[in-house]
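Structure record follows, encoded as structure tokens.
Bear in mind these aren't lab numbers, they're just calculated from the coordinates by the rules spelled out. No experiment lies behind these values; they were computed from the predicted model shown. FYI the Cβ positions are ideal-geometry reconstructions off the backbone, even for glycines, and counts take in every protein chain you see.
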Amino acid sequence: MEFVEVIKRILGVGWIALGLYIGYDRIIDSYAKITSGGLSDQIFGWILLLVLNPIIVFSLVVFGYFAVIGEYAKD
Amino acid sequence: MATQKLQTQGLPRVVFASSVGTLIEWYDFYLFGSLASIISLQFFPKGNPTAALLSTLAAFAAGFVVRPFGAVFFGRLGDLVGRKYTFLVTLSLMGGATFLIGLVPSYETIGFLAPAIVVSLRLLQGLALGGEYGGATTYVGEHSPVGKRGFYTSWIQTTATVGLLVSLLVIQGVKGSMSEQDFADWGWRIPFLLSIFLLMISIYIRVRMEESPLFKKLKDEGKISTNPLKESFGNKKNLKYVLLALLGATMGQGVIWYTGQFYALRFIRSQGMEFTQTNNVVLIALVFATPFFIVFGALSDKIGRKWIMALGMFLGIMTYFPIYKKMHGVIDTSNKVKIEASSSESTGSMVEDNTRYDVTTANNQYTDGTKAKIVTKINLETGEETVKRTINLGDNAFWWLVVLIFIQVIYVTMVYGPIAAFLIELFPTKIRYTSMSLPYHIGNGVFGGLVPLISTALVVFATQRGDDDAYLAGLWYPIGVAAVCLVISVFYINHRSYQMAED
């Protein structure tokens, strides 16, 4: 297997880890904002929690998984 | 060969008709953002301007957040019934919603119904925009010959920037023709109302266009997708490209795009620069940089899309901090030498909302030609001090800012010029509209559209923590997103010219 292909697969684990870490961090951050009492903070918190967070987590984790199983190997 | 020649000959008309409609959609969309501070006072409860502004920003974000839903809805429609019909619908929806925003009575007149209607119309705008871009680029791309797709679709890519440019020009024109108070009271509605004329012109042009030849061929052969959503996102073979498009291209493009244009505009306004001069700086930079969309689009036909987009992201990551530091330095009056003889200061007191304030107004002039009006208000009950600066830069500083924003817009043209061709070539015709619209609008709309909101919040947190250079903290978001995108782009996008399955 080519060196770059190996790197792609190893990085895949990194993308999964990054997705999960960002997801966890955003939940903590969003929760703090939602419970802060300020209306603008609450709106911001909900946007982070319900919009940005699922997109980041889903896309990075699934992308990472595809990378690990070699879906992005050169056709 | 004969068919290709015929298509190429009619291409300028196709590109023009598609670009004009998309330009008008962007114009409509950006009016709201450009007039956010004025709209907030009209439609959201008065008394707390910050809350009102944030409410508007939230509505602004809602406009972006809803875009992916528009992408899915209209993308599916475009793959089922055709590109032409779909982008006629999106255009009408956008123009109608924009026109109606200009007619909504203020909060003072109809209470909470006013912000509710405005937010609803804003959501409709977002839905329409979500469907428009994919339709226009797919339409042009499916008319374009191999080896010229980057060039022809790059005309569509200019429309987002030109739409912003036109919106700023119209606002400047209307604002310049009346007093500040009249503009704040009712004049801001004019740019929204003008939209109805633009809509009519655009519909007239688009209604005469033919359906995309590739889609028509598929339809004639009975090969169109019966379930574009399932085929686009429920199929691993296609989903992997949707994710690659999002994480390796559109996500980074979105944050570079918004930082270079919108965040830069907000940043210099937040430094106290006068409204009209701020708009002029951005206008000039946009005018000079816009042709580069075409340059990089055409160049991508020769050397491939990947490395041009990657270089744009790389340059943004490496240079945003020094650029914004310089922008701050250029505006900051504490770095300038005051001409005492030409400067004056007066003190007095005033009552506002039953609260007494001590007010000091300084009119300063500096050796570089900059003028600044600094109003310091001290609340006599709480002791709270607020400072409002209105800075008019001298020529040298003004042109420095133009150059600094021009550089950022060049990065925008590098990431954005080739991206339509890149996305079109990634997906097959029968699900192209759906497949390319979603990653584009998540990348541009969600990751990019949230730049002002997230970056402003980062600056506020950094300021509260007492960080040095807190004004730069907002850059961490676009830099972080662009860095992830750059790595994915470099490693996972194959350095070959993607071609359509039909090529």
- prompt: Relative contact order for the stretch B:335-392: what is it in percent, counting Cα pairs under 8 Å that are at least 6 residues apart?
  reply: 28
task: For n ≥ 4 DSSP H runs only, could you compute -39500 (n - 2.57) per run for chain A, divide by its residues and tell me the 222 nm figure to the nearest 500?
output: -26000 deg cm²/dmol
message: How tilted is helix B:451-465 with respect to the longest principal axis of chain B? Cα atoms for both, answer in degrees (0 to 90, nearest 10).
response: 40
- prompt: Taking only DSSP H segments of four or more residues, each worth -39500 (n - 2.57), what value at 222 nm results for chain B once the sum is divided by all its residues, to the nearest 500 deg cm²/dmol?
  reply: -22000 deg cm²/dmol
- prompt: Using all Cα-Cα distances in the protein assembly as shown, what percent lands in each 10 angstrom bin from 0 up to the longest?
  reply: 3, 17, 28, 27, 16, 7, 3, 0, 0
statement: Neighbours of B:T319 by Cβ distance under 15 Å: Lys/Arg at +1, Asp/Glu at -1, summed charge +2
message: Within 10 Å of each Cβ in B:243-254, how many Cβ atoms from other chains are there, averaged over the peptide?
response: 3
- line: Which of B:K217/B:K240; B:K325/B:K388; A:K33/B:K240; B:K237/B:K302; B:K84/B:K430 exceed 25 Å between C-alpha atoms? The answer is B:K217/B:K240; A:K33/B:K240; B:K237/B:K302
query: Based only on Cα atoms, what Rg/Rh ratio does the stretch B:375-433 have, Rh being taken as Kirkwood's radius?
result: 1.43
- prompt: Going by a ≥ b ≥ c, the root eigenvalues of the Cα gyration tensor, does the stretch B:335-392 fall in the rounded group (a/c under 1.5), the prolate group (a/b larger than b/c) or the oblate group?
  reply: prolate
For the stretch B:328-485, convex hull volume per residue from C-alpha positions, Å³: 165
In degrees, nearest ten, helix B:476-492 long axis to first principal axis of chain B (Cα): 20
- line: Expected integer from the mean partner chain Cβ neighbour count at 10 Å over B:456-464 is 1
- line: Sorting B:L88, B:Y258, B:G394 by the position of each Cα along the dipole of chain B (Lys, Arg +1; Asp, Glu -1; all at Cβ), the one nearest the positive end of that ordering is B:L88
- prompt: Going toward the positive end of the dipole of the protein assembly as shown, with +1 on Lys and Arg Cβ and -1 on Asp and Glu Cβ, which of B:A482, A:Y65, B:I38 do you reach last?
  reply: A:Y65
statement: With +1 on the Cβ of every Lys and Arg and -1 on the Cβ of every Asp and Glu, the dipole magnitude of the stretch B:335-392 about its Cα centre, in debye rounded to the nearest 20, is 340
- prompt: Over all distinct Cα pairs, what is the inverse of the mean 1/r for chain A, reported as the Kirkwood hydrodynamic radius in Å?
  reply: 13.5
- prompt: What is the Cα centroid distance between the stretch B:206-258 and the stretch B:124-148, reported in whole angstrom?
  reply: 10
query: Can you give the three extents of the C-alpha atoms in the stretch B:173-265 along their principal axes, from longest to shortest, in whole Å?
result: 59, 36, 18
- line: For chain B, longest principal axis from Cα atoms; helix B:83-101 axis from its Cα atoms; angle between them, nearest 10 degrees, is 20
task: Sequence neighbours fewer than 8 away in the same chain don't count; with that in mind, list the lysines whose C-alpha is under 18 Å from B:K326.
output: B:K336
statement: The size of the Cβ-based charge dipole (Lys, Arg +1; Asp, Glu -1) of chain B about the Cα centre, to the nearest 20 debye, is 1840
field: Per-q log10 I(q)/I(0), chain B, q = 0.06, 0.12 Å⁻¹ (Debye; single scatterer per alpha-carbon; no solvent)
entry: -0.29, -1.08
field: Rounded, prolate or oblate (a/c below 1.5 giving rounded, otherwise prolate when a/b exceeds b/c) for the stretch B:87-187 by Cα gyration tensor
entry: oblate
Charge sum, other residues only, whose C-beta stays under 12 Å from B:A298's C-beta, Lys/Arg counted +1 and Asp/Glu -1: +3
Among B:M350, B:A362, B:N335 the positive-end extreme of the charge dipole of the stretch B:335-392 (Cβ point charges): B:N335
message: Quick check on packing: order A:24-31, B:87-94 by the mean number of other C-beta atoms within 10 Å, highest mean leading.
response: B:87-94, A:24-31
